[in-house]
Amino acid sequence: MNWWNDFISWVTAADTRPTLFIAAVIAVSIILSGLIAAGIGRSGIKRLIAQRDREQRSAAIATLIDAATEATVWNSLTPQERVLADRAVGQADTVIRLLPVKGSSIAADWASHQLAEMKRASSRSDAELDAVVGEFRDRLLDWQERPSRARKVFQSDLERWAFSGESEGIASNNDASVEQRLESATPAASALRYSETSPADATTQKLIDDVAALEAAKKRQQSTATDDETGEKSAS
C-alpha cells in the first residue's frame, strides 16, 4: 500500500501537474491523429473502390453498346462471331449485376431485353436501328451518371413490357380457345346439317333403289326370254 500512497501523493502534488497536463495532451493528440489517419485512409479506400466500380461499369456499358451495334447486324454474323458476342454480353451482364449499385440488376434486365429485341429486328432498315442503338447508348450513359433516376425509368419499361407480354399471351390463349370451340362445334354442326337434309337424302336414295330394282327385273325378264328361245331352237 505504500507505493499506492506514494503514487497518489505524486499525482496530487502541485509540481507534477504540468507533467500530467503534457502527458494528457500527448495522449489526446495521439488518439486524434489516429482517428484522423483512419478517416483519411477510409475515405481513400472508398474513393479507390468507387473508381474501380466506375471503371468496371464503364467497361461493361461499353461492351453492351458494342454488342448492340453487333445485334443490329445479327443476321449477317457468322456463328463464331455470334458466340463471341454472346459471351461478351454475358460477361458484361454479370459485371453489372455484381456492381454495388442500387438497381444494377434492373439495368441488366433492361439491357438484355433491348439486345434481344435488336437481334429480332436486325432485318430492319439501318436508320431505324441506328436510332435504337443511340437511345440504348444514351440510356445506359444516363444510368452511369444518375443510377437512381435511370433505375426508375428501367423499372417502368420492364413493367410495361411485362404487361404487354401478358396481354399478348391472353390474346393468343383466347384465339386458341376460340379455335378449340369451333373444332368441337364442327361435328355437332355437321350432324345438325345432316339431320336437316336427311329426309331429302332418304327420298332420293329410295328412288335410286327403285330404279335399280326395275332395271334388275328387266334384265331377269330378258335373260328368261333368251333362255326360252334357245330351248325352242334346240328342240326343233
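Numbers below:
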quantity: Condition check for residue 71: over 17 Å from the mean Cα position of the chain (by Cα) and open to solvent by less than 50 Å² (accessible area, probe 1.4 Å); calculated: no
quantity: Some residue of segment 70-79 being among the aromatic types (Phe, Trp, Tyr) and more than 30 Å from residue 116 (Cβ to Cβ); calculated: no
quantity: Qualifying residue in segment 22-36 (condition: within 40 Å of the chain's Cα centre (by Cα) and either of a type in the set (Ser, Thr, Tyr) or over 30 Å from residue 88 (Cβ atoms) (or both)); calculated: no
quantity: Close pairs (7 angstrom Cβ cut-off, 6 or more residues apart or separate chains): of a type in the set (D, E, K, R) in segment 46-57, loosely packed, with under 10 Cβ neighbours inside 10 Å anywhere; calculated: 53/100
quantity: Selection from segment 92-114 of residues that are exposed (fewer than 13 other Cβ atoms within 10 Å of the Cβ) and part of a helix (DSSP H, G or I); calculated: 94
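The values are calculated or read from the model by the stated rules, or taken from the named source; none is laboratory data. This is a predicted model, so every value here is computed, not measured. In this analysis, Cβ positions are derived from the backbone assuming ideal geometry, glycine residues included, and neighbour counts consider all displayed protein chains. In case anyone asks, the SASA skips ligands and DNA or RNA and just uses the protein heavy atoms, side chains included. Shrake-Rupley method; radii C 1.70, N 1.55, O 1.52, S 1.80 Å.
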